[in-house]
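The values are calculated or read from the model by the stated rules, or taken from the named source; none is laboratory data. All values derive from a computational prediction rather than experimental measurement. Here the Cβ positions follow ideal geometry from the backbone for every residue, glycine too, while neighbour counts run over all protein chains shown.
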Amino acid sequence: MATATVTPPREAAERSVRRARQIGEVLLAVENISLRFGGVRALSNVSFDIRRGEIRAIIGPNGAGKSSMLNVINGFYQPQEGRIIWKGRALSRMRPYDAAKGGIARTFQNIALFKGMSTLDNIMTGRILKMRASFFEQALWIGRGKSEELRERAFVERILDFLEITHIRHVPVGKLPYGLQKRVELARALAMEPELLLLDEPMAGMNLEEKEDMCRFILDVNEEFGTTVALIEHDMSVVMDISDRVVVLDYGRLLADGTPEEVRNDPAVIEAYLGVSHG
Amino acid sequence: MIYRETGQFRTSYAEDQAIFRLREDRIGIIVILAIAWVGIPLVADEYLLRAILIPFLILSVAAIGLNLLLGYCGQISLGTGAFMAVGAYAAYNLALRLPEIPLLIDFLLAGLIAAGIGIVFGLPSLRIKGLYLAVATLALQFFADWAFLRVHWFTNYTPSGSVTAPPLDIFGWLVDTPLEKYWLCLAFACATALFAKNLVRSRIGRSWMAIRDMDIAAEIIGIRPMHAKLSAFAVSSFIAGLAGVLWAFVHLGSWEPLAFSIDMSFRLLFMVIIGGMGSILGSFLGAAFITILPIFLNQVPAMVGIQLSTAMVSHLEFMIFGTLIVLFLIWEPHGLARLWQIGKEKMRLWPFPY
């Protein structure tokens, strides 16, 4: 089991070989995206791509436009310029429903769970697009109304099991501690069987142990289901350990794009993060 | 009091997703149904049926309708009385103008008409939320009050504006004694409760709750807010419309537009809040509280031997009632249904405190 924060060199090398095989064609590309709110330029002319099967990190200082970028990808914000190419199809705008239907799931920086519902019901909502029962089948609990509920329940149980949260299935999520809520939110996103999983700071506010768990889950999801992951994260050691490629944003501009190694040694990135003395 | 889940193992998802998961709950509901269908008819006198139980059942149906919209989908509506009025007048006009349609079909059609109006007046919910939406639905209430008072076609040009329901002929069964009326209302209440319970444990109910709890997150998992909100308005006003038909045809017999004024909308809102938002059981508890408490408060001064004028009694009733609602909102915002749930949890652990 690879712990997240400290990876032995040999294991890392093995993983990079294995991963080279797993990563495929371009799944999603954003081209020349510009987003303005009134006079504020949240994103200017940003382009990058996400390949199938990879773990892609988006990093940058506060206010760099990372969350805005995710919001553009899953259709919350409509960029003024640029386009999104999703599985080879160019779209000038994405709508949240189309994104969900197309296989893009996401979690939020501040947890966006349905507080009044149990863990199970929260995750079941992730299966809504897979369900077809008509109104009367649901109202009378007959035919597909019942059979789908049971089929999807069985599916959701597998996710509960995978993320090790079976014990809280009937607990209202509002009562759960923060770390578990984050995990339930990941479970809900996974229930959609997404092709692309967008994670907005999945480890924010967690202690070391919870972070390691979360890293393990992200790696497992990526390896077992082949899900492509794009994540925003501030913890550099996590980013450098688990991601295949890293995008660096600063003031809404693309600062660097490459492997963790390349990005770490990029002078522009070092300047943005640490500042340099102009002697 | 033995109320335990120990030793009751659910071995399939079907069992785990049943409405009543515990054996005690299943026995309880059978007992309640037996009392309601057989026990009460054996002992109840006409006053109890007419003045208490029939209104209670009909208002429970209306409260379930509002609860689906407010408690499950989170859309505030002050227009429930208007939806009831639409149902009542639609059924009246259908019975009057198309006498060849069986009365029960009229009822369902009237519900569908109310659902259509509900969808139209639910459209503002796509743009506005909370109190602003409440004001928009208030507009429907005033519009309905005006329309049924001033557009005489709806009331068949009767000079007083009051209309009388035709005899209740349900496929040859002439419902005219209080007991038969009670059974009819009970059948509607049971059917509505089951229907509503099934909806809220299915996909559609989950999408309503998702919209209520966090509409942004609902959108990203593929719930279309328009579908969810408008379907909630449609189902809610269908049920409210049906309750309106029962209120007019079964309870009142003859009525005027004032029967469905804003007072009715507020009473239903109180029922849902006091009974428990997001609970079908709560709709019944709230309706019981609101219909029975005034009668009870009315009787108390006489029972303890205090002589008060009728006006004083009705004023006191209002004051005590208002105070109780405020206290409820402060102490138990989740209503009577929540108290019941807490009680059940306590019973499960009894005699241990934890």
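For this structure, a couple of remarks:
- Qualifying residue in the stretch A:71-81 (condition: more than 14 Å from every other protein chain (Cβ to nearest Cβ) and crowded, with 18+ Cβ neighbours inside 10 Å): yes
- Residue A:157 without any contact (Cβ under 8 Å) to a residue 24 or more places away in the chain and more than 8 Å from chain B (Cβ to nearest Cβ): no
- Check on residue A:210, within 23 Å of residue A:118 (Cα to Cα) and not in a helix (DSSP H, G or I): no
- Screening B:257, B:225 for residues that are at pLDDT below 95, in contact with an Asp or Glu (Cβ under 8 Å, 6 or more places away or on another chain) and within 14 Å of chain A (Cβ to nearest Cβ) leaves exactly one candidate, B:225.
- Looking only at residues in the stretch A:82-104 that are buried (at least 18 other Cβ atoms within 10 Å of the Cβ) and at the interface with chain B (Cβ under 9 Å from one of its Cβ atoms), the one that is farthest from the chain's Cα centre (by Cα) is A:97.
Per-residue answers, yes or no, for (1) under 30 Å from residue B:299 (Cα atoms); (2) modelled with pLDDT of 95 or more; (3) touching a strand residue (DSSP E or B) at 6+ places or on another chain (Cβ under 7 Å):
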site: B:59; (1), (2), (3): yes, yes, no
site: B:62; (1), (2), (3): yes, yes, no
site: B:69; (1), (2), (3): no, yes, no
site: B:99; (1), (2), (3): no, no, no
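- Output for the stretch A:114-152, where each listed residue is assigned to a loop (DSSP other than H, G, I, E, B) and at the interface with chain B (Cβ under 7 Å from one of its Cβ atoms): A:114, A:115, A:116, A:117, A:126, A:131, A:133, A:141
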